1. Enumerate the pairs (first residue in segment B:63-78 and in the same structural domain as B:Leu218 (by TED's automatic domain parsing); second residue anywhere and surrounded by fewer than 24 Cβ atoms within 10 Å (Cβ to Cβ)) with beta-carbon separation below 6 Å, excluding pairs fewer than 6 apart on the same chain, so at least 6 apart or on different chains.
2. Would you mind stating whether A:Val40 is more than 18 Å from A:Pro187 (Cα to Cα), in contact with a Lys or Arg (Cβ under 7 Å, 6 or more places away or on another chain) and outside the structural domain of A:Asn182 (by TED's automatic domain parsing)?
3. Would you check if A:Asp118 is modelled with pLDDT of 95 or more and among the acidic types (Asp, Glu)?
4. Output the residues belonging to segment B:195-211 that are within 25 Å of B:His48 (Cα to Cα), touching a Ser or Thr at 6+ places or on another chain (Cβ under 8 Å) and outside any helix (DSSP H, G or I).
5. Any idea which of A:Gly257, A:Gly305, A:Gly289, A:Gly210 is crowded, with 18+ Cβ neighbours inside 10 Å and over 25 Å from A:Leu186 (Cβ atoms)?
6. Considering only segment B:200-210, I want to know if a residue exists there that is modelled with pLDDT of 95 or more, aliphatic (A, V, I, L, M) and farther than 26 Å from B:Ile291 by Cβ.
7. If I ask for residues that are farther than 19 Å from A:Ile283 by Cβ and buried (at least 17 other Cβ atoms within 10 Å of the Cβ), which ones from segment A:226-254 would you list?
8. Which residue pairs have Cβ atoms under 9 Å apart, sit 6 or more places apart or on different chains, and have a first residue in segment A:296-319 that is under 11 Å from A:Ser213 (Cα atoms) and within 14 Å of chain B (Cβ to nearest Cβ) and a second that is exposed (fewer than 13 other Cβ atoms within 10 Å of the Cβ) and modelled with pLDDT of 55 or more?
2 protein chains.
Amino acid sequence: MHEFQIINKFFLQLSKKNKSSLNLNDDVFFDKSKKLVVSVDTYIEGIHFINFKKPDLVIKKIIRSSISDIICKGVKPKYYFISGSGDKRSFSSFNLKKISKSLKQEQNKYNIFLCGGDTVYSNKLSFTVTSIGFSQKIILRNNAKINDDIYVTGNLGDSFTGLNILKKKISTSSYLKKYFINKYYLPNLHLNLSNKLLTFAHSSIDISDGLFSDLEKLINKQKFSYKIYLDNVPISTNLKKLLIKKKLNKISFISQGDDYQILFTANSSKSRIINKISKSLGIKISKIGKICSNMQKSQIIDQKGNKIAIKTKGYFHRF
Amino acid sequence: MHEFQIINKFFLQLSKKNKSSLNLNDDVFFDKSKKLVVSVDTYIEGIHFINFKKPDLVIKKIIRSSISDIICKGVKPKYYFISGSGDKRSFSSFNLKKISKSLKQEQNKYNIFLCGGDTVYSNKLSFTVTSIGFSQKIILRNNAKINDDIYVTGNLGDSFTGLNILKKKISTSSYLKKYFINKYYLPNLHLNLSNKLLTFAHSSIDISDGLFSDLEKLINKQKFSYKIYLDNVPISTNLKKLLIKKKLNKISFISQGDDYQILFTANSSKSRIINKISKSLGIKISKIGKICSNMQKSQIIDQKGNKIAIKTKGYFHRF
C-alpha cells in the first residue's frame, strides 16, 4: 500500500476535522488558533540516507529535510527535536561529537535550536526529527488556481546524481563527484524566501519524492492537470554537461526527488514581483509550467513541443 | 555512556539557555512564551515493548507512555504525532486496522487527536511519538523543597510483574496473568489529577525507569537526599499475594519502572488537600517519604525501621 492509501484508509478518521488544522495529507500540521506549525519525519539508514559513514553530513541532510517541510510552507522553523536509534558504533563518542558539531552549524545557519529528543539502542539506525515553527498563516496544498504558473527554486537532479555516484552507478571526475555528493548531503534551503512566499504563492510543497510525484501531491484533491515544459526545468551546468557526456535523459534525473527545492504555484500577474524577489534575494526561481483544467490530461512537453510519457513519477513510500 | 551523560556532554550546549524553555534534562520541552509543552519519545521492539504480537495493546502502551510525560507535569495533552518504522508484516492491513482502532480508543479516553506522522519501511520495528499540550505553567524537575513530602499515585510493580509473566520468568494463575499483563500494557493515567497537581506539587515526574531512578532524576541538580518508607510504597493486593507466595522482595518489584504513575513532592501543609482530592477523584495517592538535606545520604527504611541498600536503581538507557 502507498503511504497515501494507508493514511486515507486507516488514519484520516483519527484527525480532527476542523478548519483550524490541516488534515494528514499535508506535509505539516497547522493549528491556526495556536499559530503552531509542526513537521515530523523519520529517516532510516539505507532508505533516506545511504549509510552513516559521514555522520556530520547525514545529520545536516536530515535536519534540512525536516525544516524544509516548514520553510516551503512560508514559515520559519524555530526549534527541533531529534530522536536517534542506533548501535554503539553509530553513537560512539567520536560520532556524537561530529553529530553535535553538525547540529550546531545547522542551528547557526537556520537560526533554530535543539529542544529535546531521545537516544535509544537499536541495531537499525534511524532518526525522527520533529520541527516546529509559528505563523499566522501557511501556504497549503490543494489550493492551486486554474492557469496558475508553476515555479521551482534552484536546480533539480543534482542530489539524485550525487546518490548515484555514492552508489557507484555513475562515475565522473573527482571535481564533479565532490560537487554532486555535496548536493546530495547538503540541500540548499531558501530560508529568506520563506516569508515572501506567503505573499504570492497559492500552494506549495518541497520536492522530496520527485518533481512530478510532488506536483501530483500538490493538487491531489483538485480536479486539475498540469503542463510542464521540460526545457524550463532548471538543472545545473554540471548536470547538463554530465547528461550530454553520458547520454542520459534529463527527465529521469529531475523526477527522482531529494532536491528539497520549493515547488509552488502563483497567479500569472505575480510574475514580475517573483522575478524581482528572485533577483534581490539571489535565489534562482524558474517558471516551468501551468496548472490546467482536468479537461485535458497532465502533459510534459519536450523542447520540440512533443508530449512525453514518464515511466516513474518518483518515489512513493510503499508497504 | 548513560543517556544523561550523552545529553550533558554533547547536546546541552545546543539548547537555548533562557528561562522560557526547560533544558534537555527535563521530560518535556516548555516554551513559556508560546505556552507550548512537547514530549518526544522513541519506542523500540524488544526494549520498550516486548514484541508486536498484540499491536492493539502495544499502541495503547506507547501512546500512554508518551502523554504520561505531559500529564505528570500538570498539563493536558492536546494532540500527538506517531511515526512508525517497520516491515510489511508489522504494518499489514490486519495490524493497521488494529492500530487505528486502538488509537481511536485512546483518543476518546484521553481527549487527544492524531495530527500526523510517518510510516517508513524498516526491518526493525519502532515508533516515535510526539505529544503536545498547552499550558501557562508546568511542574518542573529540580524544584523540590526541603522537608517536602514525597507522593506517588496508584500502585507500583504490577507492570514489571506483567512483563516477567510475558517473559515466562514468573508463572501464576490465569486470572493473575491476565491482571498483570493488562497492567503492563495499559498503565492507568490520571488525566483528571493533572490540572490539580499544579496547585500543590513543587516538582513531579512520571515513573518510567523506576521509583528510585526517577526520584534521583527529580532532584538530580539539587543538593538533596530522600527518605523512602518501603512499607508506604503502594502495591496492589494481587502483587502482595504474589510476593508472599513466591517469597519475592517488594523492593525489586517497585524499582523497575514502566509504572507510569506520578511521583511528586509537596509541602507538608498540603497533606489535607491532597487527601481530599485523592478521595474526590477516586485516585489512590500515597505519601511514601520525605525530601531531606544532603547532610545525610538517601535512605530506604523497611518496616522494622532498618535502612536497606538496593542493588539496582532501575533502568538507565546506556550506550
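1. Cβ pairs passing all conditions: none.
2. Working: more than 18 Å from A:Pro187 (Cα to Cα): yes; in contact with a Lys or Arg (Cβ under 7 Å, 6 or more places away or on another chain): no; outside the structural domain of A:Asn182 (by TED's automatic domain parsing): yes.
Taking the combined requirement at face value, the residue does not satisfy it.
3. Numbers: modelled with pLDDT of 95 or more: no; among the acidic types (Asp, Glu): yes.
It is false that A:Asp118 is modelled with pLDDT of 95 or more and among the acidic types (Asp, Glu).
4. Applying the first criterion (within 25 Å of B:His48 (Cα to Cα)) to segment B:195-211 yields B:204-211.
Right, trim to touching a Ser or Thr at 6+ places or on another chain (Cβ under 8 Å) and you get B:204, B:206, B:208, B:210-211.
Once the filter is applied, which keeps residues that are within 25 Å of B:His48 (Cα to Cα), touching a Ser or Thr at 6+ places or on another chain (Cβ under 8 Å) and outside any helix (DSSP H, G or I), segment B:195-211 yields B:Ser204, B:Asp206, B:Ser208, B:Gly210.
5. Details: A:Gly257 fails: over 25 Å from A:Leu186 (Cβ atoms); A:Gly305 fails: crowded, with 18+ Cβ neighbours inside 10 Å; A:Gly210 fails: over 25 Å from A:Leu186 (Cβ atoms).
Only one candidate passes the filter, namely A:Gly289.
6. Within segment B:200-210, not a single residue is modelled with pLDDT of 95 or more, aliphatic (A, V, I, L, M) and farther than 26 Å from B:Ile291 by Cβ.
7. So in segment A:226-254, the residues farther than 19 Å from A:Ile283 by Cβ come out as A:226-231, A:240-253.
Scanning segment A:226-254 gives A:Tyr226, A:Lys227, A:Ile228, A:Tyr229, A:Leu230, A:Leu242, A:Leu243, A:Lys250, A:Ile251, A:Phe253.
8. What qualifies is A:Phe316/A:His2.
The values are calculated or read from the model by the stated rules, or taken from the named source; none is laboratory data. Predicted model, so just to flag it, every value in this text is computed and none were measured. Please note: Cβ atoms are built from the backbone with ideal geometry, for glycine as well, and neighbour counts cover all protein chains shown.
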